[in-house]
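The values are calculated or read from the model by the stated rules, or taken from the named source; none is laboratory data. Worth saying up front: this structure is predicted, and the values here are computed from it rather than measured. As a convention, Cβ positions derive from the backbone with ideal geometry for all residues, glycine included, and neighbour counts pool all protein chains shown.
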Amino acid sequence: MPELPEVETVRRGLIAHILDRRIERVTVRDARLRWRVPKSFATFAQKRRVVDVGRRGKYLIIGLDNADRILIHLGMTGRLLVLDVSDSARPAQKHDHVDLLLERGLLLRFHDPRRFGAVLPWPAKETSHPLMEAMGPEPFSEEFSGDYLFNLSRGRSAAVKNFVMDGRVVVGAGNIYAAESLFRAGIRPGKAAGKVTRAQFELLAEKIREVLGEAIEQGGTTLRDFASAMGEAGYFQQKLFVYGREAEPCLVCKSPIRRVVIGQRSSYYCPSCQS
DNA sequence: CTGTTAACCTGAGTGC
DNA sequence: TGCACTCAGGTTAACA
């Protein structure tokens with residue numbers, strides 16, 4: 001479900017609710033996520049106060065008062081729900097895998113039908129986390145630029161769409177936003193990364209930032225089940241030019257949008273606007 | 001090193 | 001209704 005804008009939307013939603021609250025109790029109903037939630041997790045998180053809600057790529061990083069951190073990844077279908085215990089006190093539903101009961105009657109609940117997500121401890125004594133070591137730059141960082149993409153892509157035969165979706169190249173561009181960025185930059189998704197010109201990468205880097213930025217402003221893209229922490233839908237889907245629009249007319253030139261599979265993922269593009 | 005593929009898992013939708 | 005099949009916002013591990 002979530003690419004960078006959705007994770008950022010969740011992060012912003014969480015800040016208002018969980019910051020400065022103590023974690024009273026942790027319940028792990030099903031530890032079988034992308035990686036097992038370790039047995040030690042409850043002890044690790046309990047009695048700690050939340051002092052920060054950060055993000056790196058698509059990972060949420062919940063900072064605790066002893067400098068330990070909780071890593072959360074939403075995978076494809078993960079959701080984090082902020083529930084008011086006193087008013088709803090809903091019993092756990094199917095796929096409600098992890099609960100963090102916070103002080104003053106708030107419940108942070110991790111729900112994930114496909115279990116591609118993750119909830120992991122990240123102890124303070126471990127400076128870097130193995131899952132983040134090889135991670136590429138944030139799209140809004142100085143480091144990320146057309147030159148950066150150009151230099152890194154020389155000699156690479158992989159499709160440019162796979163290239164920008166590779167988290168080691170740049171974080172945050174998933175299947176939707178990669179397609180939308182490539183459309184706005186006028187580049188076909190299947191084009192070899194090594195054949196994309198410097199000028200094209202300059203435009204692409206700009207469009208990636210533009211698309212991600214607009215999506216964050218719109219509260220993310222809601223296709224099936226994305227909702228912010230408070231259950232609000234995102235609205236960026238109304239601004240999608242190509243994603244999920246196979247055979248529909250291009251919003252710019254009316255040519256039918258094409259769908260092709262690249263790297264096992266559906267890829268959408270306009271054969272006339274993109275070359 | 002680069003590139004490709006299978007795999008992890010459940011649910012929704014479609015066509016017969 | 002039921003069944004078989006395809007597809008889905010992510011990422012890693014294993015292979016060539």
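Structure values in brief
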| quantity | calculated |
| --- | --- |
| Residues satisfying the stated conditions in region A:76-101, i.e. out of contact with any strand residue (DSSP E or B) (no Cβ under 6 Å at 6 or more places or on another chain), farther than 23 Å from A:Lys47 by Cα and either crowded, with 18+ Cβ neighbours inside 10 Å or hydroxyl-bearing (Ser, Thr, Tyr) (or both) | A:Thr77, A:Gly78, A:Ser88 |
| Conditions (1) more than 28 Å from A:Glu214 (Cβ to Cβ); (2) away from DNA strand C (no atom under 16 Å from the Cβ); number of the one not met by A:Ala16 | (1) |
| Long-range neighbours under 6 Å by Cβ, at least six apart or interchain, first residue assigned by TED's automatic domain parsing to the domain that holds A:Phe150 and of a type in the set (Asp, Glu) within region A:178-193, second part of a helix (DSSP H, G or I) and crowded, with 24+ Cβ neighbours inside 10 Å | A:Glu180/A:Val211 |
| Check on A:Ser153, more than 16 Å from DNA strand C (Cβ to nearest atom), surrounded by 15 or more Cβ atoms within 10 Å (Cβ to Cβ) and either assigned by TED's automatic domain parsing to the domain that holds A:Gly57 or within 20 Å of A:Gly57 (Cβ to Cβ) (or both) | yes |
| Residues of region A:53-74 that turn out to be small (Gly, Ala, Ser), under 15 Å from the mean Cα position of the chain (by Cα) and closer than 18 Å to A:Ser40 by Cα, as a count | 0 |
| Residues of region A:135-150 that turn out to be polar (S, T, N, Q) and surrounded by fewer than 15 Cβ atoms within 10 Å (Cβ to Cβ), as a count | 1 |
| Residues located in region A:102-134, provided they are hydrophobic (A, V, I, L, M, F, W, C) and either crowded, with 19+ Cβ neighbours inside 10 Å or without any contact (Cβ under 8 Å) to a residue 60 or more places away in the chain (or both) | A:Leu102, A:Leu107, A:Leu108, A:Phe110, A:Ala118, A:Val119, A:Leu120, A:Trp122, A:Ala124, A:Ala134 |
| Residue selected from region A:161-174 under the condition in contact (Cβ under 8 Å) with a residue 40 or more places away in the chain and surrounded by 18 or more Cβ atoms within 10 Å (Cβ to Cβ), by the criterion farthest from DNA strand B (Cβ to nearest atom) | A:Gly172 |
| Wholly within region A:147-252, helices (runs of 4 or more DSSP H) carrying at least 1 residues that are of a type in the set (Gly, Ala, Ser) | A:175-185, A:198-217 |
| Pick from region A:58-68, criterion more than 14 Å from A:Leu19 (Cβ to Cβ) and away from DNA strand C (no atom under 16 Å from the Cβ), ranking: surrounded by the most Cβ atoms within 10 Å (Cβ to Cβ) | A:Asp68 |
| Selection count, region A:13-34, where residues are touching a residue at least 24 places away in the same chain (Cβ under 8 Å) and in a helix (DSSP H, G or I) | 5 |
| Hits in region A:183-209 (condition: touching a Lys or Arg at 6+ places or on another chain (Cβ under 8 Å) and within 16 Å of DNA strand B (Cβ to nearest atom)) | A:Pro189, A:Gly190, A:Ala192, A:Ala193, A:Gly194 |
